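Only the coordinates and a few stated rules stand behind these numbers; no lab work does. From a predicted model like this one, the values you see are computed outputs, not experimental measurements. Glycine also receives a Cβ, built like all others from the backbone with ideal geometry; neighbour counts cover every protein chain displayed.
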Amino acid sequence: MTLTQLRYIVALAREGHFGHAAERCFVSQPTLSVAVRKLEDQLGVALFERHSGRVVPTDVGRRIVSQAEKVIAEANRVTELARAGQDQLSGELRIGAIFTVAPYVLPHLIPRLHRAAPQMPLVIEENYTRVLAEKLRQGDLDVILISPPFSEPGINLWPVYEESFSILLPSGHRLQDQAEIPSRELAAENMLLLGDGHCFRDQVLSACPECMGNDDHKRPARTTEGSSLETIRHMVASGLGVTVVPRTSMGRWSGINEHGDLLLEKPFAGKPPRRQVALAWRQTFPRPEALAAVRDALLGSELEGVTFLPDTGPQDSESGKAVAQ
């Protein structure tokens, strides 16, 4: 049994397809298939059920894959410990960020981080919170930028900043002359929202409960979904409806808005809804200096419309208790 074989069965369990798993492992499909079959022969059990076009782990296969993930994580930790013993700011850092953070924060973060740690290139992934959390647990990512609430065993959380939400209207909209807009006004509008799976969608709906429909799925009565805030921005400019965006996204659009005067930003009336953005990482990750460098780069960036939070230190994401740095 080898680590390579274990990586193959983990990839196959995740992908559910020999070809896709082979691509993920950068090998040919026959190479992966032979290695998996050889491991099954060595163990004397079938790890996967082969169906037409898909592969499903058997009961014992699921347990073995789970154990293989732990073995791989510990093997990766050996490399991480060795690297940490040399220079914590040397070597790649695998960082993930949710879709509504990455495009607006990373352009500010990367130049500052590169100046502070030029020998630490970033491997970057944008994804949903649940996907980033899984990859963090499995060791595929080192640190992620997410928006709480976030609770995962063995994961630390370090809040960095808060930002308010703004309302985005098309020019000529009935509300364009109002200095501030009550959230109840949005109930009568066609709301343009991100699709299911985006935590920002849930935060927007929480900020505007009047927009919720009456069905069992708690969906707004009038919505159009977009795949990204950028796509939604274009739809608002076309007059399709209105949306709610985080303030950091407005910084990117300012001065480079190809729609000219077709978009209007309006604040919420009263106390605006807000979200927090935090760093999260495995408690066993052995490069605290790299994490501190990322946080320092964020604090030194020129993010529009954010309030940087006092440094109360990392906390256990499950218990909320402070942990040693």
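Return the FRET efficiency for the residue pair S28, T307: r is the Cβ-Cβ distance, R0 is 56 Å, and the value is rounded to the nearest 0.05.
0.60
I110 to V78: extension gain in nm, 0.36 nm per residue of separation minus the Cα-Cα distance?
Extra length available between I110 and V78 comes to 8.8 nm.
Tell me, in nm to one decimal, what length is gained between R174 and A269 on full extension, where the rule is 0.36 nm per residue of separation less the Cα-Cα distance?
Extra length from R174 to A269 when fully extended: 32.6 nm.
Step through the residues of the stretch 229-238 one at a time and calculate ³J(HN,Hα) from phi using the Karplus curve (6.51 cos²θ - 1.76 cosθ + 1.60, θ = phi - 60°), rounding each to whole Hz and writing x for Gly and Pro.
3J(HN,Hα) across the stretch 229-238, in whole Hz: 4, 5, 5, 4, 4, 5, 5, 4, 4, 7.
Would you calculate a helix-derived [θ] at 222 nm for the chain, using -39,500 (n - 2.57) for each DSSP H run of n ≥ 4 and dividing by the full residue count, to the nearest 500?
My calculation for the chain gives -12000 deg cm²/dmol from helical runs alone.
By count of other Cβ within 10 Å, fewest leading, how are R137, R233 ordered?
So the residues, fewest neighbours to most, are R137, R233.
Report, by chain and number, residues whose modeled amide H sits under 5 Å from the one on L309, excluding near sequence neighbours (fewer than 5 apart, same chain).
So L309 has HN proximity to Y161, E162.
Work out, step by step, the length gained on full extension between R63 and A324: first 0.36 nm times the residue separation, then minus their alpha carbon distance; give nm to one decimal.
Contour length minus the Cα-Cα distance gives 90.7 nm.
Within 10 Å of each residue's Cβ, count the other Cβ atoms and sort Y161, Y8 from fewest upward.
Lowest count first: Y161, Y8.
Only one of the values (i) 16.4; (ii) 20.1; (iii) 22.0 was calculated from this structure for mean projected area of the Cα convex hull in nm²; name its label.
Entry (ii).
Please report S228, S166 as a ranked list, fewest other C-beta atoms within 10 angstrom at the top and most at the bottom.
With the sparsest Cβ surroundings first, the list reads S228, S166.
Using modelled backbone amide H atoms (1.01 Å from N, in-plane), which distant-in-sequence or interchain residues come within less than 5 Å of L193's amide H?
Excluding prolines and chain starts, which carry no amide H, the hits are T224, E225, G226.
Could you give me the ³J(HN,Hα) list for the stretch 66-79, computed from phi with Karplus coefficients 6.51, -1.76, 1.60 and θ = phi - 60°, whole Hz, x at Gly and Pro?
Those phi angles translate into 4, 5, 4, 4, 5, 5, 5, 4, 5, 5, 5, 5, 4, 5 Hz.
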